[in-house]
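Have a look at the structure below before the remarks.
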Amino acid sequence: MALDCTSLTKLTLVLCVAAHGFPPVSGCSGAYGRAISDFCVTKFTVDMEALDQRLWCSWPDTFQPYEELTNCTFFVALKMHCFWPNRLIDELFIRLHRDYFHDCALTGRLLRDPPISILGTFIGVPVLVTLLMTALVVWRGKRCQGIV
């Protein structure tokens with residue numbers, strides 16, 4: 001009996017799981033959470049506290065601590081054979097965003113109205129074009145009416 005490529009892949013997967021077992025998924029909440037807190041969140045907190053609070057919404061200033069936190073959670077998960085990202089990581093980042101970035105705009109800057117000169121142009125030009133086109137239609141209508 002010959003094995004096709006799909007059967008061979010399934011057999012290899014079964015043999016690997018039998019030899020190494022499944023990763024300890026159930027142990028990834030307690031010890032993993034403590035490791036994340038001790039190694040990653042502590043450093044992120046220290047880095048953010050060292051940064052002036054007015055710069056917390058500045059992406060160029062917070063990029064490095066945020067990236068280090070992300071990488072740290074990934075490598076701790078890798079070492080502890082946990083899935084990444086997971087529910088614990090999602091909750092962690094939601095909590096950190098609520099604590100540190102709750103006043104930041106989504107685009108990184110506050111939304112505001114354009115200056116009055118630009119706003120006036122965008123309102124005035126269409127109104128003038130509409131009035132001119134209406135006047136042109138009425139003028140041509142009266143002129144053509146006398147020809148018929």
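The values are calculated or read from the model by the stated rules, or taken from the named source; none is laboratory data. Predicted, not measured: the structure shown is a model, and the values here were computed from it. Ideal geometry is used to build each Cβ from the backbone, glycine not excepted, and the neighbour counts take in all protein chains shown. Just the protein is used for accessible areas: all its heavy atoms, side chains included, with ligands, DNA and RNA removed. Shrake-Rupley method; radii C 1.70, N 1.55, O 1.52, S 1.80 Å.
Accessible area per residue (1.4 Å probe, heavy atoms of protein chains only) ranks D90, D47 as D90, D47, with the largest value leading. Rounded to the nearest Hz, the phi-derived 3J(HN,Hα) couplings of the stretch 70-87 under the Karplus curve 6.51 cos²θ - 1.76 cosθ + 1.60 (θ = phi - 60°) are 4, 5, 4, 4, 5, 6, 5, 4, 5, 5, 8, 6, 10, 6, 9, x, 9, 4, where x marks glycine and proline. Considering every alpha-carbon pair of the stretch 63-108, the percent of pairs per 5 Å bin, from zero through the bin containing the longest distance, is 5, 19, 24, 25, 14, 7, 3, 1.
Full extension of the chain between R140 and L96 gives 9.1 nm of extra length, using 0.36 nm per residue less the Cα-Cα distance. What net charge do the residues around P65 carry, taking every other residue with its C-beta under 12 Å from that of P65, with Lys and Arg at +1 and Asp and Glu at -1? Neighbourhood net charge equals -4.
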